[in-house]
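See structure below.
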Amino acid sequence: MEATEALLLEADPDVIGLYQIAEKAGVPPASVYHFFPTKEAAYQALAERYLEGLLRMHSEPIEAARIRNWQDLSAIDMRRAMDYYNARPPMLKILYGGYGGVGARNIDLLTNEKLAKAAYRRLNRIFHVPHLPGEETKAQIALGILDAIWTISVRLHGRITEEYYQEALSACTAYRRLYMPEFLQPRDLLTETAARGGTLSLSFAFEDEEEAAA
């Protein structure tokens, strides 16, 4: 996988094959084939590693004072995701460049499902969120809008640009305003943590663990 990642940093995915991966890894081609029968299988495994890292990244602490409303949290989440993707060019090629194949795309969709399932619980942790019928489906649609816009950016510019970050943020916010109240009452966890200058770890994990406040 490290060899595949290194090759994707320096070459177009179309010219990479199992023999190039084997040569870069310093192993016989049969050894690579044992784990990855196609280069797309190697791309899928790499995508899975990247997306696991993306979920961990979203657990990193956020200054509570920066979250005044749900729009602020959306902007922070999207900014973090953009920076994470842009710091990993192979990830952009696999997921947004269309080179990962069906397997990588399915991994991306499964990750979006995890994000969507946890989105309401995560937001309700710091705001009083009313019951939203079909909230999981709506969260998946918002993620689909984001992915579509960022795909255009990567295919035009090779990365997610500031312009396309703003376009995705505007589009997703406009869609969410169709069903989300403009103002949500903050919970004590948010206001008290912000008042003392603390941070919040707002994981997308679906377990019932308490998010840490520092």
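A few points about this structure:
- Only alpha carbons enter this Debye calculation for the chain, each as an equal point scatterer, and the log10 of I(q)/I(0) it gives at q = 0.11, 0.15 Å⁻¹ is -0.59, -0.97.
- For residue 184, nonlocal amide neighbours, meaning residues 5 or more places apart or on other chains whose placed amide H falls under 5 Å from its own, are 70.
- Treating each Cα of the stretch 1-75 as an identical point scatterer and summing with the Debye formula, the log10 of I(q)/I(0) at q = 0.17, 0.21 Å⁻¹ comes to -0.67, -0.87.
- Backbone HN-Hα couplings from phi across the stretch 22-29 [Karplus 6.51/-1.76/1.60, Hz, Gly and Pro as x]: 4, 4, 5, 7, x, 10, x, x
- Where GluC sites (Glu not before Pro) fall in DSSP loop in the stretch 118-214, at most 12 other Cβ within 10 Å: 182, 207, 209, 210
- Residues with amide H under 5 Å from that of residue 127, placed H, sequence gap 5 or more: 187
- Distance (nanometres) between label positions extended 7 Å along Cα→Cβ at residue 63 and residue 171: 3.0 nm
- Pairwise Cα distances in the stretch 123-180 exceed 15 Å for 54 percent of all pairs.
- The HN-Hα couplings worked out from phi for the stretch 101-116 by the Karplus form 6.51 cos²θ - 1.76 cosθ + 1.60 (θ = phi - 60°) are x, 5, x, 5, 5, 5, 4, 4, 5, 5, 5, 4, 5, 4, 4, 5 Hz, whole numbers, x standing for Gly and Pro.
- Shape of the stretch 61-120, Cα gyration tensor, a/c cut at 1.5: oblate
- Table column - 3J(HN,Hα) (Hz), the stretch 176-191, Karplus curve with 6.51, -1.76, 1.60, x for Gly and Pro: 5, 5, 5, 10, 9, x, 5, 10, 10, 5, x, 7, 4, 3, 6, 5
- Taking a ≥ b ≥ c as the square roots of the eigenvalues of the Cα gyration tensor, an a/c ratio of 1.5 or more together with a/b larger than b/c marks the stretch 98-137 as prolate.
- Proximity of backbone amide H atoms, modeled 1.01 Å from N, is registered between residue 62 and 200, 201, 202 at under 5 Å, excluding neighbours fewer than 5 places apart on the same chain.
- Reachable lysines, given that their alpha-carbon falls under 25 Å from the alpha-carbon of residue 24 and they are not under 8 places away in the same chain: 39, 93
- Helix 135-157 vs. the chain, principal-axis angle (Cα, 0 to 90°, nearest 10): 50 degrees
- Multiplying each eigenvalue of the alpha-carbon gyration tensor of the stretch 52-152 by 5 and taking the square root yields semi-axes of 25, 17, 11 Å, largest first, rounded to whole angstroms.
- Chymotrypsin sites (Phe, Trp or Tyr not before Pro) lying in DSSP loop within the stretch 155-195, provided at most 14 other Cβ fall within 10 Å: 179, 183
Values quoted throughout were computed directly from the atomic coordinates according to the rules given, and no laboratory measurement underlies them. Remember, predicted model here, so these are calculated numbers, not experimental data. Backbone-built Cβ (ideal geometry, glycine too); neighbour counts: all protein chains shown.
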